[in-house]
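The numbers here are math on the coordinates, done by the rules we state, and not lab data. What you are looking at is a predicted structure, and each value in this text was computed from that prediction instead of being measured. Don't worry about glycine lacking a Cβ; one is built from the backbone with ideal geometry, like all the others, and counts go over all protein chains shown.
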Amino acid sequence: MLKIVYAPDPILKKECVSLPQVDDHHRDLIKQMFEAMYKANGVGLAAPQIGLNKRIFILDSGSKEEKKKPLTMINPTLISTDDKIVPYEEGCLSFPEHFAEIDRPDQLTIEYIDENNKKKSLTTNGFTSRIIQHELDHLNGVLFVDHLSRLKRDVIIRKMKKFKKEIKTSNEKKI
Ligand code: ZN
C-alpha cells in the first residue's frame, strides 16, 4: 500500500513534470493510487502526495456515495475557468483533520490524457471542478493552505509539524 506524504514536506512544494507516454508501470501505480485514496476516504490524490514528481492525479467525486466515478488525469492543462467564484470547505489527504474554506471558480474546462494515452477534454462545475482545481494545484507545488492568509496557514502548518513529530515518536516506540 502506498504511503501518503503529510505536509509539510519539500516534495509537496515541487512543480511536477509531464509524462512523455503512459505505460504499464504508470497504470499499475494509478491503480495503487486509487486503492490508497479510497482507503483514506479521499476524493482526490495527486502523484506528489505519494512522493512522485509527475503530472498525474486521480479523483472520484462519487467515492463517498459508493457510486464510483473514477477519473485519471495525466498532463492536465487548464483551458478556461468561470468568472463565478464560489467558496467551499476543502480538506486534503496530506493535511488530515484540517479543513478551510477556499474561493475558486465554479466551472472549468480541462484537457488531459487518460491512462490509455487518449486525449480528453472535460467541462464541469461544482464538486468535480473543485477537486480538479485542488489536485491541479498539487502538480504545481501549491497546497490548499497556500490560498489562506499567512496567519491561518502558519497555524495549520505548525499543527501538522506537531502531528508528524507525534507519528514519528510513536513509530520509534514501536521499534
Ligand atoms: Zn490535496
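Which of the three applies to region 45-102, rounded, prolate or oblate, going by the alpha-carbon gyration tensor with a ≥ b ≥ c and a/c under 1.5 meaning rounded? In terms of gyration-tensor shape, rounded. Here the scattering of region 124-175 is modelled by Debye summation over its C-alpha atoms, one equal scatterer each and no solvent; at q = 0.14, 0.21 Å⁻¹ the log10 of I(q)/I(0) is -0.57, -0.83.
Mean-square fluctuations from a GNM of the chain, with a 10 angstrom spring cutoff on Cα atoms, peak among Pro105, Pro87, Pro20 at Pro20. How fast does region 1-127 diffuse by Stokes-Einstein, in µm²/s, taking the Kirkwood radius from C-alpha pairs at 37 °C and 0.692 mPa s? Once the numbers are plugged in, D ends up at 212 µm²/s. Across region 1-125, C-alpha contacts under 8 Å between residues 6 or more apart give a mean separation that, scaled by the residue count, equals a relative contact order of 22 percent. Relative to one another, the C-alpha centroids of region 28-63 and region 76-116 are positioned 15 Å apart. Taken one residue at a time, the phi angles of region 19-34 give Karplus couplings (6.51, -1.76, 1.60, θ = phi - 60°) of 9, x, 7, 8, 10, 4, 4, 5, 4, 5, 5, 4, 4, 5, 5, 4 Hz. Gly and Pro are set to x. From largest to smallest, the equivalent ellipsoid semi-axes obtained for region 93-162 from the alpha-carbon gyration tensor read 28, 14, 9 Å. For the chain, set up a GNM with springs between Cα atoms under 10 Å and report which of Asp106, Asp114, Asp82 has the largest fluctuation. Comparing Asp106, Asp114, Asp82 in a Gaussian network model of the chain, the most mobile one is Asp82. Positive end of the dipole of region 114-166 (Cβ unit charges, origin at the Cα centre): among Ser121, Ile157, Gln133, the Cα lying farthest that way belongs to Ile157.
Close amide H partners of His98, meaning residues 5 or more places away or on another chain with modelled amide H under 5 Å apart, are Cys92. Considering only Lys39, Lys13, Lys54, the mean-square fluctuation computed in a Gaussian network model of the chain, springs between alpha carbons under 10 angstrom, is largest for Lys39. Of the cross-linked pairs Lys14/Lys84; Lys14/Lys119; Lys39/Lys152; Lys68/Lys118; Lys14/Lys161; Lys3/Lys165, those separated by over 27 Å at the C-alpha level are Lys14/Lys84; Lys39/Lys152.
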